[in-house]
Amino acid sequence: MNTEHDDIDDRLIWLLKRFELKAHIFQAGPLHNPQNFQTQDNLGYIHVLKSGKLLLETTGKPALLLEEASIFFYMNSMKHRLIPKDDNVNLVCASFEFGANLKNPLTQALPEMLVLKQKDMPTLTKSLNLLFKEAEENHCGRQAILDRQIEIIIILLLRDLMDENRLDIGLLAGLADTKLAKAINAMHAEPEKHWSLEELAAKAGMSRARFANSFRTTVGITPGHYLTEWRLGIARSLLSRGKTVQLVADTIGYSNASALSRAFITHLGISPSAWRKKYLADN
């Protein structure tokens, strides 16, 4: 098995390697009373409606009445409320962490809220059926299984967003483009490399000018800006795990700790050491 080639072609592998996805299901089954969700730093939410009529109220957005099986998804924490409108509401709700406080590029690239009908995502049907089957039973290990199942569904949802080109701009839109995906994956795989625009364009099989224009139009920022964001996201992930500033600098392609510190201060307004101290205090 050529795992190196698989890594090159897998559009999500580096996001999943660099930023740990952890989910926790806290509602699985009938919902009879309104449920409120407050803003919590670093948490996203996913709700999977199996049946019934459900009113979804989200701060700053029009209320939505859901009357068929749906998935609604908040990559970043937003205040919202679920109100059952009949006695048949059956759903699974989970919170999840996916490096939001570390600035996972997905947290910046996805819409604040996504609502999708399950019938429009047939590739998720088997996994959703298994999720609800487990939710309806009471076997040992149920919570652990449900948590792992919803993590799989989140990954499948991200895959579906790319495969079906559901987003017009952002990282997943870039990964949905077969040419741009090659350049993005190259940056993801080797953040320490000093990528030139010409090298990235060659990865994409495009001219320099066409690549630069297509990348900015599709992803929303320049390739250089994206590479910097990716590097600094990895840096925060490594710092949060106790790695030294010098080791982090070496890992992501900065010449020394001072160069990384300058990049942190320029882009984040804080030094790596100060950022780590704040992160540890907040978590």
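Since every read-out is calculated from the coordinates, none of them should be taken as a lab result. Everything quoted here is computed from the prediction, not taken from an experiment. Here the Cβ positions follow ideal geometry from the backbone for every residue, glycine too, while neighbour counts run over all protein chains shown.
Some observations on this one:
- Largest mean-square fluctuation among Val115, Val48, Val248, in a Gaussian network model of the chain whose springs join Cα atoms under 10 Å apart, belongs to Val115.
- Residues Leu124, Leu16, sorted so that the one with the fewest Cβ neighbours within 10 Å comes first: Leu16, Leu124
- GNM result for the chain, Cα springs below 10 Å: residue of Ala204, Ala144, Ala186 fluctuating most strongly: Ala144
- For region 177-282, a crude dipole built from +1 on the beta carbon of Lys and Arg and -1 on the beta carbon of Asp and Glu, taken about the Cα centre, is about 160 debye to the nearest 20.
- Distance distribution note for the chain: the fraction of Cα pairs above 36 angstrom is 22%.
- Counting only residues at least eight positions apart within a chain, or on another chain, the lysines with an alpha carbon under 26 Å from that of Lys203 are Lys17, Lys103, Lys179, Lys182, Lys193.
- For the pair region 35-87 / region 221-265, the C-alpha centres are spaced 36 Å from each other.
- For region 177-282, the equivalent ellipsoid built from the Cα gyration tensor has semi-axes of 29, 13, 11 Å, listed from largest to smallest.
- Partners of Lys126 within straight-line reach, counting lysines whose Cα lies under 22 Å from its Cα and excluding those fewer than 8 residues away in the same chain: Lys22, Lys50, Lys117.
- The alpha-carbon of Lys61 sits under 17 angstrom from the alpha-carbons of these aspartates and glutamates, leaving out residues fewer than 8 places away in its chain: Glu112.
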